[in-house]
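Working notes, structure below.
Bear in mind these aren't lab numbers, they're just calculated from the coordinates by the rules spelled out. Model, not experiment: these values are computed from the prediction. Heads up, the Cβs are rebuilt from the backbone with ideal geometry, glycines too, and the neighbour counts pull from every protein chain shown.
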Amino acid sequence: MKRILIPSLLALATLTATPASAGGSVSFEYTPSTPDEANAVRLGLALYAIGRAIEGDASVIQKGDGNAAGIGQFGNGNFGVIEQNGDGHEATLAQDGDNNAYGIFQFGSGTSGHVEQNGNGGTGLLFQAGWD
C-alpha cells in the first residue's frame, strides 16, 4: 500500500494550481505492476460492483446532464464500469481479450476518458475530476 500511496501523494503535490474560473481537469490512472496489485484492483472493483448491485460484466452509471459513455467487450470474464457524476463527461472502455477489469470514474464537469485493454488479465483504474 505504501508503494501506491506515496507516489500518488507526490504526483498530487506536483500539480500546478489553476484558478477555478479558468476551468480544467486532473486525472489519476493506476495500472498495477504486480499480480498482487492486480488482484487488489480486481477485489476493489468486485466490492464496488456488490455495493452498487451491478449484475453482469459491464455497467455505466451517470448522474448529471450531457454525459456520454460506452463499453465494448470481446472475450470472456471481462468486467468494466464507468461512473460519471456531474455534467458534460464522455468515456469509453474497450476490452478485447479475457479476464480484464477496469473502472473509469469521472466527477465534476467536462472530463474525457478513453481506455482500451487488449490481451488477457489487464486491470486498471482511471479517476478524473473537471471544473469549469
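A few notes on this one:
- Region 41-132: trypsin sites (Lys or Arg not before Pro) in DSSP loop, at most 15 other beta carbons within 10 Å: Arg52
- Solution diffusion estimate, µm²/s, Stokes-Einstein, region 27-132, Kirkwood Rh from C-alpha pairs, 25 °C, viscosity 0.890 mPa s: 179
- Positive-end residue of Leu93, Gly70, Leu47, charge dipole of region 45-106 with Cβ unit charges: Leu47
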